[in-house]
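Below is one structure; the comments refer to it alone.
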Amino acid sequence: MKVAKEILTSLGLRKGLNIISCPTCGRTRIDLIKLANEVEKALEPYNNYPLTIAVMGCAVNGPGEAKEADFGIAGGIKEGLLFAEGKVLKKVPEAFLVNELVALVQDYISKH
């Protein structure tokens, strides 16, 4: 059931949170699978909101490749970049990336 919902959401046939991630490459500087799972779990309460969240493995291509995303993370060595609509907002220590992303999403939702 979960996979079916994800497919429909990614195709724009179902409204809701859409989490995208890069396939990883040699530039990946963070445990991307772990980070993506943490983001998915932390944003579970917001599954009904039509937002796209990107979880990218590097700061080199991450924000550019995910410029269509509403919000995202681009991983680095023990830190990452938070971005919105392809624009870098700030650099954050790895331990706080997910919480900072959730705060951005909560702030956005509270204003819309």
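The values are calculated or read from the model by the stated rules, or taken from the named source; none is laboratory data. Predicted, not measured: the structure shown is a model, and the values here were computed from it. Cβ sites come from the backbone with ideal geometry, for glycine too, and all protein chains shown count toward neighbours.
So which of 78, 90, 67, 41 is of a type outside the set (A, V, I, L, M, F, W, C), closer than 22 Å to residue 109 by Cα, over 13 Å from the mean Cα position of the chain (by Cα) and surrounded by fewer than 20 Cβ atoms within 10 Å (Cβ to Cβ)?
Values: 78 fails: closer than 22 Å to residue 109 by Cα; 67 fails: over 13 Å from the mean Cα position of the chain (by Cα); 41 fails: over 13 Å from the mean Cα position of the chain (by Cα).
After applying the criteria, what remains is 90.
Could you check the stretch 24-47 and list, in sequence order, the residues that are part of a loop (DSSP other than H, G, I, E, B) and either of a type in the set (A, V, I, L, M) or under 20 Å from residue 85 (Cα atoms) (or both)?
Just the residues of the stretch 24-47 that are part of a loop (DSSP other than H, G, I, E, B), to begin with: 24-31, 43, 47.
Scanning the stretch 24-47 gives 30, 43, 47.
Residues in the stretch 27-74 that are touching a Leu at 6+ places or on another chain (Cβ under 7 Å) and farther than 21 Å from residue 93 by Cβ: 46, 47, 49, 51, 70.
For the stretch 53-64, the set of residues classified as of a type outside the set (A, V, I, L, M) and either surrounded by 15 or more Cβ atoms within 10 Å (Cβ to Cβ) or in a helix (DSSP H, G or I) (or both) consists of 57, 58, 62, 63, 64, listed by residue number.
For the stretch 38-69, a residue qualifies if it is out of contact with any strand residue (DSSP E or B) (no Cβ under 7 Å at 6 or more places or on another chain) and charged (D, E, K, R), and the qualifying residues are 38, 41, 44, 67.
The residue pairs whose first member lies in the stretch 24-48 and is without any contact (Cβ under 8 Å) to a residue 40 or more places away in the chain and over 19 Å from residue 103 (Cβ atoms), whose second member is of a type in the set (A, V, I, L, M) and in a helix (DSSP H, G or I), and whose beta carbons are closer than 6 Å, counting only pairs six or more residues apart or on different chains, are 24/32.
Yes or no, residue by residue, for (1) at pLDDT below 90; (2) of a type in the set (D, E, K, R); (3) at positive phi:
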{"residue": "54", "(1), (2), (3)": "no, no, no"}
{"residue": "60", "(1), (2), (3)": "yes, no, no"}
{"residue": "67", "(1), (2), (3)": "yes, yes, no"}
{"residue": "80", "(1), (2), (3)": "no, no, no"}
{"residue": "98", "(1), (2), (3)": "no, no, no"}
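Within the stretch 61-75, residues that are free of Cβ contacts under 8 Å to residues at least 24 places away in the same chain reach partners that are of a type in the set (Lys, Arg) with beta carbons closer than 9 Å, at six or more positions or on different chains, in the pairs 67/87.
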